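The values are calculated or read from the model by the stated rules, or taken from the named source; none is laboratory data. None of the values given here were measured: they were computed from a predicted structure. Please note that ligands, DNA and RNA were not included when accessible areas were found on the heavy atoms of the full protein model with its side chains. Shrake-Rupley method; radii C 1.70, N 1.55, O 1.52, S 1.80 Å.
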Amino acid sequence: MKKELSYQQIKEIKEAYLKDNLSVENQIIKLIVAGYDESTAEELVNKVIREYKRELVEAAQEESSENENQKITGSIIFGLAILGPVLGIKLYEWYVLASIVAGIVGYFDLKKRPIAGVVRSIVLVVLFPLVFELCISTRSSYYAVELLIPFFICCLIAFLFQFIISKIFYPEEI
């Protein structure tokens, strides 16, 4: 009597679980027909389902954790991008330091595509002061909401760089 399932059988049970419970019962019947004892077949199917549920919960928790991390890292990158121009910092050392910090934060922002995250973050931090100068520097005062215009322009360009780098270095993930 068989005691273990093949990879294909495990895959079929997981697919049956995702569809509905009647398919799970059919999987038990298929295992019985394939030579498994009824209690063994039910035990194996339930074991696969328990492990699959655990995998799904872990994947959901990991995705939730990644989303929280992306919110934090996105805020840091946003802050680094607007801090220099808004405070009127003209020192190139500030922008070098901000680019380095943004690159590190960008690495952790996109864990699946770290090179693209680094490039996107650095482009955003370097490009924002230039676009800010073009859009707002000629004015003596501006509303805080008006900062969003150059920031969105920079975001579009930075995400374009991210997309291009992702296509080059990680073609299988897109």
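With contacts taken as Cα pairs under 8 Å at a separation of at least 6 residues, segment 1-73 carries a relative contact order of 33 percent. Stretched out straight at 0.36 nm per residue, the stretch from TYR52 to THR138 would grow longer than its current Cα-Cα span by 25.0 nm. Nearest 10 degrees, 0 to 90: what angle lies between the long axis of helix 21-33 and the longest principal axis of the chain (Cα atoms)? For 21-33 against the chain, the angle is about 50 degrees. In summary, the convex hull built on the alpha carbon positions of segment 43-101 has an orientation-averaged projected area of 4.8 nm². By a 1.4 Å probe calculation restricted to protein chains, VAL145 has an accessible surface near 110 Å², given to the nearest 10.
Relative to the longest principal axis of the chain, what angle (0 to 90°, nearest 10) does the C-alpha long axis of helix 114-136 take? Helix 114-136 sits at roughly 30 degrees to that axis.
All alpha carbon pair distances within segment 1-103 were sorted into 10 Å bins beginning at 0; the resulting P(r) in whole percents reads 13, 28, 13, 11, 12, 13, 8, 2.
Panel note: the C-alpha atoms of segment 124-174, placed on their principal axes, show extents of 48, 17, 11 Å (largest first). The chain gives an Rg/Rh value of 1.30, both radii derived from C-alpha positions and Rh following Kirkwood. How tilted is helix 92-109 with respect to the longest principal axis of the chain? Cα atoms for both, answer in degrees (0 to 90, nearest 10). Orientation of helix 92-109: about 10 degrees from the principal axis. Calculated translational diffusion coefficient of segment 85-165 (25 °C, 0.890 mPa s; Stokes-Einstein with Kirkwood radius over alpha-carbon pairs) equals 186 µm²/s.
Dividing the convex hull volume of the alpha carbon atoms of segment 19-68 by its residue count, what do you get in Å³ per residue?
68
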